[in-house]
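Notes for the one structure printed next.
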Amino acid sequence: MKTRWIQQKGYDRLLIFFNGWGMDENIALYLQENTSGRFRHDVLMCYDYRSLGMPADLPAALKSYAERTVVAWSLGVWAACSAGIEGIGKALAINGTLSPISAGEGIPPEVFRATLESYDEDNRIRFMRRMCGGSAGLDRFYAIASRRSTADQQDELDAIAEQVDAGEPVAKPEWSFTHALIGRRDMIFPPEAQERAWSGITRRMVNSLPHFPFFAFDDWEELCSCMED
């Protein structure tokens with residue numbers, strides 16, 4: 001996976017954001033711009049899961065933070081378990097599960113394969129429309145959409161499928177997700193599958209929320225507030 005610092009000011013608290021498939025830094029920068037200066041966390045973004053695990057020297061460097069929190073969205077939920085990070089206090093899964101290709105707890109396999117095999121310029125737009133819950137959400141999303149190419153996104157999705165089929169991640173992290181945010185209008189990860197997957201942790205259901213959640217929860221503080229019991 002690739003990483004990018006969104007905010008690095010030497011705070012003693014760290015937020016690690018695992019972005020969704022096919023994304024670049026635009027969503028994370030949008031969230032950062034909406035966040036007030038009261039949010040005294042460094043912010044590290046992870047994305048592009050063609051290979052799993054952070055750069056080799058990074059997990060050790062992150063141990064210097066007194067508090068480490070994870071926010072993961074979509075396929076980033078699955079990828080977070082392969083990052084090699086330790087000492088996570090709280091972790092929020094948003095519209096994603098640890099079994100991303102699954103009839104019971106993720107995206108139905110036939111749907112995932114159809115998306116992968118038919119992904120082109122036209123279907124990219126259709127996918128984004130479904131992700132955003134309709135045309136109005138898509139129109140707004142364009143301003144912060146990933147600038148990665150369609151072919152690049154398809155290559156990443158193919159690599160994710162291969163890794164899931166191979167049983168990755170092989171090693172489970174010592175931390176677990178503590179909270180889940182589930183959108184009942186999610187047309188990518190079926191809400192009922194998410195409910196089954198997260199039956200043992202604190203869940204928050206939002207009736208109006210599509211798969212893309214960041215117009216309803218549009219800053220780091222608001223997302224972290226979802227982990228307040």
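The values are calculated or read from the model by the stated rules, or taken from the named source; none is laboratory data. Just so it is clear, the structure is predicted and the values come from calculations on it, not from any experiment. Here the Cβ positions follow ideal geometry from the backbone for every residue, glycine too, while neighbour counts run over all protein chains shown.
Exactly one residue among SER146, SER135 is closer than 29 Å to TRP220 by Cα, without any contact (Cβ under 8 Å) to a residue 60 or more places away in the chain and among the small types (Gly, Ala, Ser), and that residue is SER135.
Residue by residue, here is whether (1) of a type outside the set (A, V, I, L, M); (2) over 28 Å from ILE188 (Cβ atoms); (3) surrounded by 21 or more Cβ atoms within 10 Å (Cβ to Cβ) holds:
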{"site": "TYR11", "(1), (2), (3)": "yes, yes, no"}
{"site": "LEU15", "(1), (2), (3)": "no, no, yes"}
{"site": "ASN26", "(1), (2), (3)": "yes, no, no"}
{"site": "TYR30", "(1), (2), (3)": "yes, no, no"}
{"site": "LEU58", "(1), (2), (3)": "no, yes, no"}
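Can you name the residue in segment 26-70 that is charged (D, E, K, R) and over 25 Å from ALA180 (Cβ atoms) and is also modelled with the lowest pLDDT among such residues? I'd like the intermediate steps shown before the answer.
Taking segment 26-70 first, the residues charged (D, E, K, R) are 33, 38, 40, 42, 48, 50, 57, 63, 67-68.
Those still in the list that are over 25 Å from ALA180 (Cβ atoms) too: 33, 38, 40, 50, 57, 63.
Working: GLU33: 98, ARG38: 93, ARG40: 97, ARG50: 96, ASP57: 89, LYS63: 93.
Result: ASP57.
Kindly provide the set of residues from segment 150-174 that are in a loop (DSSP other than H, G, I, E, B) and closer than 19 Å to SER74 by Cβ, ordered by number. Before you say what the answer is, go through the steps one by one.
To start, the set of residues in segment 150-174 that are in a loop (DSSP other than H, G, I, E, B) comprises 166-174.
Matches in segment 150-174: GLU168, PRO169, PRO173.
Return yes or no: is SER82 under 23 Å from GLN153 (Cβ atoms) and either polar (S, T, N, Q) or more than 19 Å from the chain's Cα centre (by Cα) (or both)?
Details: under 23 Å from GLN153 (Cβ atoms): yes; either polar (S, T, N, Q) or more than 19 Å from the chain's Cα centre (by Cα) (or both): yes.
So SER82 passes the test.
Scan segment 60-71 for residues that are surrounded by 18 or more Cβ atoms within 10 Å (Cβ to Cβ) and outside any loop (DSSP other than H, G, I, E, B) and jot them down. Matches in segment 60-71: LEU62, ARG68, THR69, VAL70, VAL71.
Which one is surrounded by the fewest Cβ atoms within 10 Å (Cβ to Cβ), of the residues in segment 185-199 that are charged (D, E, K, R) and free of Cβ contacts under 8 Å to residues at least 60 places away in the same chain? Talk me through it step by step, then tell me what you get.
Applying the first criterion (charged (D, E, K, R)) to segment 185-199 yields 185-186, 192, 195-196.
Restricting the remaining residues to those that are free of Cβ contacts under 8 Å to residues at least 60 places away in the same chain gives 185, 192, 195.
On the way: ARG185: 15, GLU192: 13, GLU195: 16.
The qualifying residue surrounded by the fewest Cβ atoms within 10 Å (Cβ to Cβ) is GLU192.
For segment 98-144, taking the residues that are in contact with a helix residue (DSSP H, G or I) (Cβ under 7 Å, 6 or more places away or on another chain) and aliphatic (A, V, I, L, M), the one that is surrounded by the most Cβ atoms within 10 Å (Cβ to Cβ) is identified as ILE101.
Looking at segment 160-184, which of the residues that are in contact with a strand residue (DSSP E or B) (Cβ under 9 Å, 6 or more places away or on another chain) and buried (at least 18 other Cβ atoms within 10 Å of the Cβ) is modelled with the lowest pLDDT? For segment 160-184, the residue satisfying everything is VAL164. For segment 32-46, the candidate set comprises residues that are crowded, with 17+ Cβ neighbours inside 10 Å and polar (S, T, N, Q); within that set, the residue that is farthest from the chain's Cα centre (by Cα) is THR35.
Quick one: how many residues across segment 200-229 are at pLDDT 95 or above, out of contact with any Lys or Arg (no Cβ under 9 Å at 6 or more places or on another chain) and either assigned to a loop (DSSP other than H, G, I, E, B) or crowded, with 18+ Cβ neighbours inside 10 Å (or both)? Even if it seems obvious, please write down each step before you answer.
Of segment 200-229, the ones at pLDDT 95 or above are 201-227.
Applying the additional criterion that residues be out of contact with any Lys or Arg (no Cβ under 9 Å at 6 or more places or on another chain) yields 201-204, 212-214, 216-220, 222-223, 225.
So of that shortlist, the ones also either assigned to a loop (DSSP other than H, G, I, E, B) or crowded, with 18+ Cβ neighbours inside 10 Å (or both) come out as 201, 212-214, 216-220, 223.
The total comes to 10.
Among the residues of segment 15-54, those identified as aromatic (Phe, Trp, Tyr) and either part of a strand (DSSP E or B) or out of contact with any helix residue (DSSP H, G or I) (no Cβ under 8 Å at 6 or more places or on another chain) (or both) are PHE17, PHE18, TYR47.
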